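The values are calculated or read from the model by the stated rules, or taken from the named source; none is laboratory data. Model, not experiment: these values are computed from the prediction. Quick reminder, even Gly has a Cβ in these numbers, built from the backbone with ideal geometry, and neighbours come from all protein chains shown.
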Amino acid sequence: MGKNVIVIGAGVVGMGCAAYLQRAGHAVKVIDRVPPGRSTSFGNGGGIASTFVLPLAMPGLMKKYVKYYLDPEGPVSLRWSHVPAMLPFLWKFWRNCRPERVKYCTEALAAFMPPAYEAWKPLFEEAGLMPLVRADGGLWLYKNAEALDHDLPFWQGRKDSGLGFERLSEDELRQMEPAVSNDWKAAVLEPDWHYVRNPYKVVAGVAEVVRRRGGTILEEEVLDFDRGAGTVRGADRLRCLVPQARAEARQPRAAREPARLPCDTAASGRRDAPSHHRGLCEDRDHHDGDGGPDRGCLRLPRRRRATGLAAGGDGAVLGAEGPARPQV
């Protein structure tokens with residue numbers, strides 16, 4: 001018998017959860033402060049992380065972070081006032097960098113990450129989104145062959161998990177992607193890499209399918225959960241459709257007048273939800289949460305016809321397409 005389920009967060013993870021819950025026969029309500037796909041999913045890289053089987057916590061990574069922090073142009077920034085609150089996390093992170101823990105986490109990720117594309121494909125097909133999906137493989141670019149050699153343990157870890165890759169020389173790289181800058185001298189090709197050309201349109205398309213199937217998507221803010229008997233029975237929410245309501249959301253809880261939305265269970269696609277309320281899944285898509293190659297590497301989704309290069313930080317996406325960034 002189907003249940004009433006609340007999904008908190010209308011990004012790519014939240015809408016994916018909602019669509020599959022409906023396929024399982026459940027009635028779904030999705031709650032977010034903004035329309036589907038208008039937060040993090042609006043402008044991410046669009047990668048489908050089926051090859052991300054190595055954990056972020058890897059041997060030697062803590063030393064790298066210290067090096068990055070001391071580099072004025074490095075990718076790590078830290079507010080020292082936050083350090084006391086971070087210490088429990090940093091301690092657990094450091095312990096998970098041990099080889100035996102890396103092996104355990106890799107085996108766990110390898111059990112469910114490779115089928116990621118096959119899980120998304122039915123939703124893409126139902127929403128008519130397949131023209132936005134590319135399966136040309138992905139390139140990891142390196143400044144030189146020595147930098148690639150340094151990352152061979154990373155690639156061997158993926159190979160041990162059953163994921164293939166091809167090492168490319170500079171000539172092979174030029175033949176495959178003539179638009180790549182001459183600054184990059186070596187590369188690795190992942191033939192199984194998939195990505196979507198417009199992450200926002202994908203989330204909006206899946207959201208439309210959820211609506212057609214009878215789901216409800218509410219533009220409101222969740223304030224708290226109604227707990228009881230070891231379960232979540234509902235969500236206290238505040239409508240955020242007008243500026244006045246958004247201002248009220250910043251008032252102390254005692255000053256608010258929330259509405260209560262009952263449910264049989266609650267799932268969250270938002271990373272800022274309490275861990276015991278995240279429910280079905282946590283958003284691990286579209287970030288290099290698998291230990292990643294060293295900083296001298298750049299990942300590109302392959303395209304048969306390059307239309308431009310959009311770069312940010314240490315990464316770039318070749319031929320990226322997406323909606324205009326809203327003005328702030």
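The number of residues in the range 66-96 that are within 29 Å of residue 50 (Cβ to Cβ) and at pLDDT below 90 comes to 3.
Entry remark, the range 9-52: residues being under 20 Å from residue 129 (Cα atoms) and of a type in the set (A, V, I, L, M) number 9 in total. Checked against (1) among the charged types (D, E, K, R); (2) in contact with a strand residue (DSSP E or B) (Cβ under 9 Å, 6 or more places away or on another chain); (3) closer than 21 Å to residue 109 by Cα, residue 172 meets all criteria but (3). Here the range 117-132 is the region considered, the condition is being aliphatic (A, V, I, L, M) and in a helix (DSSP H, G or I), and the residue that is nearest to the chain's Cα centre (by Cα) is 119. For residue 179, are the conditions met, namely being part of a strand (DSSP E or B) and within 30 Å of residue 151 (Cα to Cα)? No: the conditions fail for residue 179.
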